[in-house]
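No lab work stands behind these numbers, since they all come straight from the coordinates. The structure presented is a predicted model; accordingly, all values stated were derived computationally and were not measured. Cβ: placed from backbone, ideal geometry, glycine included. Neighbour counts: every protein chain shown.
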Amino acid sequence: MAFTSSPEGAPLRNGVVFSRVSSWLVRPRLVGLPFSDHAEPLLNSDSELADLFTFLERGIAERKWHKIELRPPQPGSPFLDWAKFRDGRKYLLHTVDLRPSLEQLFNALHKDSIQRKIRRAAREGLSYEEGRSESFLRTFYALTVLTRRRQSLPPPPLRWFKSVLGCLGDRALIRIARKNEKPIAAIFTLRHKDTVVYKYGCSDARFHNLGGVPFLLWKTIEDAKRVGASTVDFGRSDPDNDGLITFKERFGARSSFLIYKTYPQGRVGLPSELWQERAAKRVFALLPQRVLVLVGGLVYPHIG
């Protein structure tokens with residue numbers, strides 16, 4: 001659903017898009033937007049934010065929803081005052097500036113862990129394919145299940161990826177690296193205006209030494225540069241995930257804080273909630289792969 005203060009029939013001058021998440025397991029809440037690292041509220045002033053807040057607050061009073069979460073990429077915007085909202089989860093957002101030449105971008109990669117792996121992939125003869133067919137999706141999903149199994153996490157349901165491909169069309173793309181026809185790594189990328197987004201990545205751990213994921217990410221940078229994109233969005237990282245942060249930084253990605261805004265509940269990510277997440281991962285680690293896939297289909301409609 002989209003909210004706006006523009007009168008009916010008048011030109012649309014602002015808007016904020018939400019999804020209403022509601023199920024038998026969770027109380028209804030508004031999230032802008034689920035499974036998106038960030039979503040810019042299309043507002044022009046503090047007064048427009050105040051109008052939106054008044055409407056959302058009235059919805060809470062009327063029990064239409066019990067919580068609101070906004071995911072602005074830049075909560076420090078000079079014209080939006082977030083004082084009535086509280087800080088929710090905090091992440092680091094990583095982006096690569098594509099204005100330098102390809103040669104400069106490659107030279108900015110970490111020489112040992114990134115440049116060396118890309119050259120290794122070339123020597124090993126890794127092949128590159130891209131597409132959005134059912135075959136590509138099935139290959140990508142099989143690698144996703146392997147990756148989530150290593151991470152002790154349930155994978156998103158297959159129908160989620162089908163929906164993204166169906167909704168975004170040629171703005172969504174699956175990229176696959178193969179060794180002797182065997183798929184060893186895959187990434188799922190999105191494109192919006194002049195930004196290419198690296199959304200999901202997966203791989204077969206037995207072939208990590210061949211550099212499949214760095215190879216695919218460099219292909220993505222090359223393609224983004226070719227079509228005139230100005231930025232590659234490497235997505236968010238938990239502040240305590242040092243390995244993921246380091247990997248993205250070694251691609252020349254710069255980081256900025258990503259702070260979600262919530263109302264009216266207090267700060268999320270408290271020790272009790274973090275303990276629950278860790279406990280859930282310990283349980284997931286014990287589940288057979290087929291059961292883990294089933295769990296993913298059951299829990300994803302309630303989160304995001």
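Here are a few things to note about the model shown:
- Label-point separation in nm, Ser19 to Glu103, each point 7 Å along Cα→Cβ: 4.4
- Förster radius 35 Å - calculated FRET efficiency between Leu298 and Ser47 (Cβ-Cβ, nearest 0.05): 0.25
- Alpha-carbon centroids, segment 180-229 and segment 17-33: separation in whole Å: 31
- Compared with the direct C-alpha span, the chain from Leu286 to Ser6 gains 95.6 nm at full extension, assuming 0.36 nm per residue.
- Multiplying the residue separation of Leu153 and Thr54 by 0.36 nm and removing their Cα-Cα distance gives an extension gain of 31.8 nm.
- Computing log10 I(q)/I(0) by the Debye sum over Cα atoms at q = 0.09, 0.10, 0.14 Å⁻¹ for the structure here picks out one of [x] -0.51, -0.63, -1.22; [y] -0.47, -0.58, -1.08; [z] -0.57, -0.68, -1.07, namely [x].
- Theoretical FRET efficiency, 1/(1+(r/R0)^6), r = Cβ-Cβ of Leu168 and Val227, R0 22 Å, to 0.05: 0.90
- Considering only Ser256, Ser152, Ser101, the Gaussian network model of the chain with Cα springs below 10 Å gives its largest mean-square fluctuation to Ser101.
- Here r is the Cβ-Cβ distance between His208 and Arg86 and R0 is 35 Å; the resulting FRET efficiency, rounded to 0.05, is 0.30.
- The value of relative contact order for segment 2-84, using C-alpha pairs under 8 Å at least six residues apart, is 29 percent.
- Simple label model, 7 Å out from Cα along Cβ direction - Asn180 to Asp112, nm: 3.0
- Simple spin-label estimate for Asn241 and Arg138 in nanometres, 7 Å along Cα-Cβ: 2.9
- The mean sequence distance of close C-alpha pairs (under 8 Å, at least 6 residues apart), as a share of the length of segment 93-258, puts its relative contact order at 36 percent.
- Global geometry of segment 93-258, whether rounded, prolate or oblate, following the gyration tensor of its Cα atoms and the 1.5 cut on a/c: rounded
- Packing, taken as the mean count of other beta carbons within 10 Å per residue, orders the peptides 140-147, 281-288 from highest to lowest as 140-147, 281-288.
- Residues Phe18, Phe207 arranged by fewest to most Cβ contacts within 10 Å: Phe207, Phe18
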